[in-house]
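Structure, as structure tokens:
The values are calculated or read from the model by the stated rules, or taken from the named source; none is laboratory data. Quick caveat, the model's predicted, so the values are computed rather than measured. Counting neighbours? That spans all protein chains shown, and the Cβs are built from the backbone with ideal geometry, glycine included. To get the accessible areas, we keep the full protein, side chains included, count just its heavy atoms, and leave off ligands, DNA and RNA. Shrake-Rupley method; radii C 1.70, N 1.55, O 1.52, S 1.80 Å.
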Amino acid sequence: MILFTLRCARGHQFEGWFRDGDGFEAQQKAGAISCPECGETNVEKAVMAPRPHRRFRRLALGLGVTEDPGEGA
């Protein structure tokens with residue numbers, strides 16, 4: 001399973017779980033994904049910034065880093 005952040009044509013952002021990327025593509029083409037806020041079916045994957053793995057974040061915090069090590073990346 002994969003979690004995608006999605007955005008409808010009206011700009012609402014929401015999340016959706018899919019079996020894989022192909023599952024998302026098939027549902028998108030079929031118009032089977034709709035925005036929970038407005039019902040719009042013109043939905044795209046939103047641009048997502050990667051988050052650092054929890055282990056690295058704990059290590060950075062243990063070293064006295066007070067900011068999220070993934071910010072500005």
In the range 11-67, what residues are at pLDDT 95 or above, closer than 21 Å to Met1 by Cβ, open to solvent by less than 50 Å² (accessible area, probe 1.4 Å) and assigned to a loop (DSSP other than H, G, I, E, B)?
Ile33, Cys35
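I want to confirm something. Restricting to the range 1-10 and keeping residues that are part of a strand (DSSP E or B) and open to solvent by 40 Å² or more (accessible area, probe 1.4 Å), which single residue is farthest from Val47 (Cα to Cα)? Lay out the reasoning, then the answer.
Restricting attention to the range 1-10, the residues satisfying the condition of being part of a strand (DSSP E or B) are 2-8.
Now restrict to residues that are open to solvent by 40 Å² or more (accessible area, probe 1.4 Å): 2-3, 7.
Working: Ile2: 15, Leu3: 13, Arg7: 9 Å.
Among them, the one singled out is Ile2.
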Pairs needed: first member in the range 7-36, among the polar types (S, T, N, Q); second member anywhere, open to solvent by 40 Å² or more (accessible area, probe 1.4 Å); C-beta distance under 7 Å; at least 6 residues apart or different chains.
Gln13/Arg7; Ser34/Glu40; Ser34/Thr41
